[in-house]
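Please read the structure below before turning to the comments.
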Amino acid sequence: MKNGTRTARRWRALAKNERGGAMVEFAITLPILLIVAAGATEVGRLFYTYTTLAKATQVGARFLSAQPANTCFDLGAASCPSTCAVCIQARNLVVCGNAVGCGGPGQPAPVVRNLTAANVAITPPAASRTSVTVSITGYQYQALVFNLAGLTGSQASWTNRTLSPSTQMPYMR
């Protein structure tokens, strides 16, 4: 009986002992804090990418708005010709921030990952010749830190977004 009383006392002492309680609480909350931090990081990257793309379209539209009104634009054309030197320079400015191009030795990388000239749409001005529109089409944002779609094998995730900023700028006279 004395052995049972001693065991009961030890259990009561163990129940009153608070050593290690903070470690248990930390172990429970750490995964939650990591998920929140990764989610906040990914949302920040999403906004950064969208803002960078929007500013790139502004640069391209500003470049085109400073060109003569009849440069490479046939009235009524649906898009900027792919062979036009001014359109090529504008697309390069949007993709790389450099009119010459990117990816070669001594040339900059694209402003955001996986952005190509095929993602840049230049809409020529209408018959009134008042403004030009530069937009990003079909750019799929790819999560790095918080990629739930990659972990689960699903394509439906809040991080899988198609970003398509656009800038319309009047011609400078």
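Just one of the listed residues (Arg45, Arg19, Arg12) is basic (Lys, Arg) and in contact (Cβ under 8 Å) with a residue 60 or more places away in the chain, and it is Arg45.
Apart from one condition, Trp158 fits all of (1) modelled with pLDDT under 90; (2) surrounded by 16 or more Cβ atoms within 10 Å (Cβ to Cβ); the exception is (2). Checking Ala99, Ala37 one by one, the residue that is more than 30 Å from Thr130 (Cβ to Cβ), surrounded by fewer than 17 Cβ atoms within 10 Å (Cβ to Cβ) and either at pLDDT below 90 or not charged (D, E, K, R) (or both) is Ala37 and no other. If you go through the stretch 85-115 and keep only what is in a loop (DSSP other than H, G, I, E, B), touching a strand residue (DSSP E or B) at 6+ places or on another chain (Cβ under 9 Å) and at negative phi, you end up with Val112, Leu115. Annotation for the stretch 66-75: at least one member residue is aliphatic (A, V, I, L, M), at negative phi and at pLDDT 80 or above. In the stretch 110-155, what residues are over 28 Å from Leu33 (Cα atoms), of a type outside the set (A, V, I, L, M) and modelled with pLDDT under 70? Within the stretch 110-155, Ser128, Arg129 qualify.
The values are calculated or read from the model by the stated rules, or taken from the named source; none is laboratory data. If you're wondering where the values come from, they're calculated on a predicted model, not measured in any experiment. Positions of Cβ are generated from backbone atoms using ideal geometry, with glycine treated the same way; all protein chains shown enter the neighbour counts.
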